[in-house]
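The values are calculated or read from the model by the stated rules, or taken from the named source; none is laboratory data. A quick note: this is a predicted structure, and the numbers were derived from the prediction, not measured. Note that each Cβ is placed from the backbone with ideal geometry, even for glycine, and that neighbours are counted across all protein chains shown.
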Amino acid sequence: MENQLEKKISEALENVEPWQRVPTSVDGAFLIKTPEKDNIKTIMVEINPLNERRTPIKRRGLFLRQSIELEKFLEVLQNESVNELLKTVDDMSNGSTAQKTGGMKTLEI
């Protein structure tokens, strides 16, 4: 027998078109029903924080299909070097001219 959350998800997605965003009680977390492939239904969770108007901040957020994906993204997002990199990119974008890089080398941070 399905547990309560599975039942709620199934009901919420019953009459939803593929790729339609279904809000959840968690701000910034949405359910996404994907198109069926070989009669297999798949569901994803979209992570897309809300702005001050309570609308998603990006047109498309981060789509996750398995909990391991969330764990791997969190590892990267919680890395202090990524935070430092983003702050630097933010500072560069706010006033100074952007510099183009010649190649697609890995940047050591």
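The residues on offer are Ser25, Ser10, Ser67, and the sole one that is under 30 Å from Ile109 (Cβ atoms) and of a type in the set (Gly, Ala, Ser) is Ser67. Listed by first and then second residue, the pairs with beta-carbon distance under 7 Å, at least 6 apart or on different chains, first residue in segment 14-25 and modelled with pLDDT of 95 or more, second exposed (fewer than 12 other Cβ atoms within 10 Å of the Cβ), form an empty list. Restricted to segment 1-100, the set of helices (runs of 4 or more DSSP H) holding at least 3 residues that are surrounded by 13 or more Cβ atoms within 10 Å (Cβ to Cβ) comprises 4-13, 67-77.
For (1) touching a His at 6+ places or on another chain (Cβ under 7 Å); (2) over 20 Å from Ala12 (Cβ atoms); (3) of a type outside the set (A, V, I, L, M, F, W, C); (4) modelled with pLDDT under 95, each residue gets a yes or a no:
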residue: Thr34; (1), (2), (3), (4): no, no, yes, yes
residue: Glu52; (1), (2), (3), (4): no, yes, yes, no
residue: Lys72; (1), (2), (3), (4): no, yes, yes, no
residue: Met92; (1), (2), (3), (4): no, yes, no, yes
residue: Lys100; (1), (2), (3), (4): no, yes, yes, yes
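For segment 47-85, the candidate set comprises residues that are within 23 Å of Lys33 (Cβ to Cβ) and among the aliphatic types (A, V, I, L, M); within that set, the residue that is farthest from the chain's Cα centre (by Cα) is Ile68.
Would it be correct to say that Val45 is β-branched (Val, Ile, Thr), modelled with pLDDT of 95 or more and within 22 Å of Leu5 (Cα to Cα)? Yes. All of Arg60, Arg53, Arg65 fail the test of being in contact with a strand residue (DSSP E or B) (Cβ under 7 Å, 6 or more places away or on another chain) and either among the basic types (Lys, Arg) or farther than 21 Å from Trp19 by Cβ (or both), apart from Arg65.
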